[in-house]
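This report concerns only the one structure given below.
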Amino acid sequence: MAVTSWLESLRTAQKTALLQDGRRKVHYLFPDGKEMAEEYDEKTSELLVRKWRVKSALGAMGQWQLEVGEPALLGAGNLGPELIKESNANPIFMRKDTKKSFQWRIRNLPYAKDVYSVCVDQKERCIIVKTTNKKLLWTLWQCAGVHGTPSEIDTSYLWMTPC
């Protein structure tokens, strides 16, 4: 099964761990060259960040791809290697996993709460967020675990939440 192969790949990976700034940071180096870095809250053991990096076809290390958590914010005036940055007004998607639930957060929503609707597409097995004015549509998650009962999905809308 896929679960046993994942556990076996975790066992064979070279692991490095350290405590820094109230976080437990674990770095995995897999035999195939992939890297995974995870950060956990030191007190609650909650997963805060998970990111992956894969070597390119020529062997160079690629950019980190964030799977769980929020991207690190660049300092003021620092545009990074791209020399351009996206607007702060664009919606920002973030996944956060807890022991009891999977959470997806969307920051900077441009419309009022009553404009958005959240539904489950049973055929595609994904969660969809869309607007009534048909200007925006997001497919948040596609997984075999989504069964499509609306009672399983809990939504909340908060205005002006801190980052």
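Return the FRET efficiency for the residue pair residue 103, residue 21: r is the Cβ-Cβ distance, R0 is 22 Å, and the value is rounded to the nearest 0.05.
According to the calculation, E is roughly 0.45.
Return one whole number: the accessible area per residue of the stretch 1-68 in Å², for a 1.4 Å probe. Let's see the in-between values first.
Details: 4790 Å² over 68 residues.
Computed with neighbouring chains in place, this is 70 Å² per residue.
The values are calculated or read from the model by the stated rules, or taken from the named source; none is laboratory data. Here the structure is a predicted model, which is why all the values come from computation and not from measurement. Every residue, glycine among them, receives a Cβ derived from its backbone with ideal geometry; neighbour counts consider all protein chains shown. Only protein heavy atoms, including side chains, enter the accessible area calculation; ligands, DNA and RNA are left aside. Shrake-Rupley method; radii C 1.70, N 1.55, O 1.52, S 1.80 Å.
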